[in-house]
Amino acid sequence: MAAAVASPPLELLVRDLEGFSIWTGPPFDNGQPKVKIPKVPCSSATFSEDGSRLMVIKPEGVISIFDCKTYKEIRSIQVPNFAAANISPRGTYLQTFQKQASPQEKNVTLWSVETGACVYNFSQKNMSKTSWPSIRFSSDEAVACRLVTNEIQFFDSADLSKGFVSRLRVPGVAAFQLSKMPGSHVATFVPESKGVPANVQIFACGNDPSSQPLARRSFFRCSTVQLHWNYGSTGLLAVAQADVDKTNQSYYGESKLSYLTTDGAHEGLVPLRKEGPIHDVQWSYTGTEFAVVYGFMPAKATVFDKKCNPLLELGSVLCLAGFGNLPGDMAFWDCTEKKQLGTTKAEWSVVSEWSPNGCFFMTASTAPRRQIDNGYADFILFSSRLTKFVALLLLLPVPECGKGQADWKPESADRFGDISELVKSVGSLKIEEAKAQGQGSKPSQNAAKSNPVNPPQKPAAYLPPSARKAASVKAELFGGLDTQEMSKNALKNKKKREKQREKKAAEGASGSNP
């Protein structure tokens, strides 16, 4: 029997005003991460999708590529009038955008990381979030394509110097998204025009220029769209966004979520049980379930299967969190057992991300969100698809993280085995609640310990009906409210309901006796 392959170590990239450095990931020795490489001055740092390469943008338009096994610089390219850069999913190509000095200048260049040579270049007037990167690759780099006026051009990924080898005509196409793994399909978006509704279509990637769409969904009142492919390239989630809500229910416009499959079995709206905007959608790693957070505040969260049926069986841990203008509450759910595992709080969080092995959940708070108390917190969650959940929460604030970023080094989840043994090994550990920041000074805490008598409770503040409803929904998501936090009327009504239940139970018992 072959020996089991060891799982790769977790690593963190942390960047501040002075540059980036690489830290060892959790679990930490002595409660602190180790610096793997010293700080390197830069303005941006990005891993390739597979985590094999690291693209670092340095001053004066210098772009360096690092090998993530040794973290040694393997390529450095200086680009004049530099504006943007992107690295391909496997780190084979570097794509750069330059400000044009003349209309005829070819300002988009595709470089070979191995040789440093230009393999393809062309001219592009403008760059936007939807149009960059100009040439897009599937996760395995087997397919490469580019959006131009009314068509999508496909390249021979083995030899990009040939230029495009086939094209797909889609009149009016404004955005597209290539499926991840495999790169077998492409989704296109055509906005509204002259009374004709907007539409999202799915096409098979091939050499047939007259290819017919495999699935299609039309929208009215749609200005932009977000396209989310699942792993396996069988399903697509399309979030259609309108700038104006004609019902006047939301200042931020309206949004709808549609689900399309490559086999044409489903081409319709996802059945959501509450009105309001789509806040977030995420596919599971298996590609067979997706989670949606939606609705006016307080929002709802629902997990659907690949047939668009609501369920709560992801087979792993789901984190529901409220960041942005919300206070940062996080609830972790075991979707198999359909129960809440625990809650914690990460205030002022800007980014949040599961680790590649699914054992850790990181939140980071960096400028320009605020100028103090920046750092990251690591919430350690030992879980398994096949075993019950055992949790240990560890809070690691890092002050003065500075203006920048915090990212996990990407790794394929297939490289991590089942962690049931790890779950068993932490069974004897004592679970302690992480203390919130600013709990009070030490003298006040010592005084509280020395006085066994609890001080009298202050009367509960008045809550309007809308706030009471929000509190009840929060209690449902993040755990029941303490009776001390309930208003007098709510506590009184609760006692009445309990007495009525006891009375009915007693009457039922007496009626059943002869």
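Please treat every number below as a calculation from the coordinates, not as lab data. Since we're looking at a predicted model, the values are computed, not measured. Every residue, glycine as well, gets a Cβ built from its backbone with ideal geometry; the counts of neighbours run over all protein chains shown.
Results, tabulated for the structure shown:
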| read-out | value |
| --- | --- |
| Total lysine pairs whose alpha carbons fall under 27 Å of each other in the range 42-133 (8 or more apart, or interchain) | 10 |
| Residue 36 versus residue 311: modelled label distance in nm, points set 7 Å from Cα along the beta carbon direction | 3.6 nm |
| Anisotropy class of the range 62-106 from Cα gyration tensor, a/c 1.5 cut | prolate |
| Gain on full stretching of the segment that runs from residue 502 to residue 6 - 0.36 nm per residue minus C-alpha separation | 172.8 nm |
| Estimated FRET transfer efficiency (residue 159, residue 494; beta-carbon r; R0 60 Å; 0.05) | 0.25 |
| Whole-Å semi-axes of the range 138-275's equivalent ellipsoid (Cα gyration tensor) | 29, 17, 13 |
| Packing-based order for 131-137, 185-191, using average beta carbon neighbours within 10 Å, highest first | 185-191, 131-137 |
| Cβ-defined net charge surrounding residue 182, 13 Å radius [Lys, Arg +1; Asp, Glu -1] | -1 |
| Residue 117 paired with residue 46, simple spin-label distance in nm, labels 7 Å along Cα-to-beta-carbon | 2.5 nm |
| For the range 42-133, diffusion coefficient by Stokes-Einstein and Kirkwood Rh (Cα), 4 °C, 1.567 mPa s, µm²/s | 97 µm²/s |
| Pair residue 265, residue 151: separation of 7 Å Cα→Cβ label points (nm) | 3.5 nm |
